[in-house]
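Values in this text are rule-based calculations from the coordinates and carry no lab data. Since this is a predicted model, take the numbers as computed values, not measurements. Positions of Cβ are generated from backbone atoms using ideal geometry, with glycine treated the same way; all protein chains shown enter the neighbour counts.
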Amino acid sequence: MSYNEEISIYLRDNKATLAKQVVSQVLQKMKLSISSREREEAVIMYTDFFEFFSFSILNQSEEAVPESMLAWSKQNAERQVTSAESISKIVRRYPPTRDVFSDLLTALSISFTLTLQQHSMLLKKINQLLDASLMETFHSYEQLSEEYRQKQEAELLQLSAPIVPVQQGIVIVPIIGNITPERTRYMMEETVPAIVKMRAEVVIADYSGISEVTPEVIYTFDQIGRILKLMGISVVTTGMRPETVLKVVQSGINVSRGNFYSTVKQALEVLADGK
């Protein structure tokens, strides 16, 4: 029986024990405490890992890394993203993991009287698998972080210009924070159609919460106002600070055609009086 067959059989027959040994020693080296669920997931993954490793030694498998290890790596990345923690918390586990595998393979090499070349081959294959796992972790973390960021941005956009019904046919759209190109595009593509769908007759655009007004912002909101008016919806503007009013006047926009009030309360009172 060749050394490949002997090592392969040993790894396959002792995969569960070896998996528990690797997990325990890595945690011990790092003085790290993890949940029982994480520990169980790691043991299951390394059990599959040793099964794959034993098969690849015997059959010279071309598969780069077992699917269970890729899934585990992705799961680790996802856990960091959802908990808003750094990927370094996972990455720093790899060096001690390599040390544990190195010690394990050294012991096996001595036990099975392997040559230095045979030992190096096994160690190289282990490192290739760990490298593949590390790369999958990084890739998944970057991909999931971007997806999570886009999801958060979409949720923030929905909150940036909410439509608040206050009376029959009257809605308030409070404009809050900084106005970015993404927000103006969202308002043009999502907020305006939503207002029309609600069959609003009057829109009160409140600017009291806006951080900064640029010429681009002024132009965009003027365009939105024009679109709403073309659809038969009246636009009332409230909460504009003196410096904002000055910028609007300097922009050349004809403010005489608009309805401006200092507060939402005042606008509602005027609308209630039918003025």
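Can you go through 45, 69 and tell me which one is in contact (Cβ under 8 Å) with a residue 60 or more places away in the chain, touching a Phe, Trp or Tyr at 6+ places or on another chain (Cβ under 8 Å) and not aromatic (Phe, Trp, Tyr)?
Sole residue among the options that is in contact (Cβ under 8 Å) with a residue 60 or more places away in the chain, touching a Phe, Trp or Tyr at 6+ places or on another chain (Cβ under 8 Å) and not aromatic (Phe, Trp, Tyr): 69.
In region 222-242, which residues are touching a residue at least 24 places away in the same chain (Cβ under 8 Å) and in a helix (DSSP H, G or I)?
222, 223, 224, 225, 227, 228
Please verify whether region 188-209 includes one or more residues that are under 30 Å from the mean Cα position of the chain (by Cα), surrounded by fewer than 18 Cβ atoms within 10 Å (Cβ to Cβ) and charged (D, E, K, R).
The answer is yes, given that some residue of region 188-209 is under 30 Å from the mean Cα position of the chain (by Cα), surrounded by fewer than 18 Cβ atoms within 10 Å (Cβ to Cβ) and charged (D, E, K, R).
I want to confirm something. Restricting to region 178-203 and keeping residues that are polar (S, T, N, Q) and in contact with a strand residue (DSSP E or B) (Cβ under 9 Å, 6 or more places away or on another chain), which single residue is nearest to residue 165 (Cα to Cα)?
Here the answer is 191.
Collect the residues in region 106-164 that are loosely packed, with under 13 Cβ neighbours inside 10 Å and among the β-branched types (Val, Ile, Thr), keeping them in residue-number order.
Correct list: 110, 113, 115, 164.
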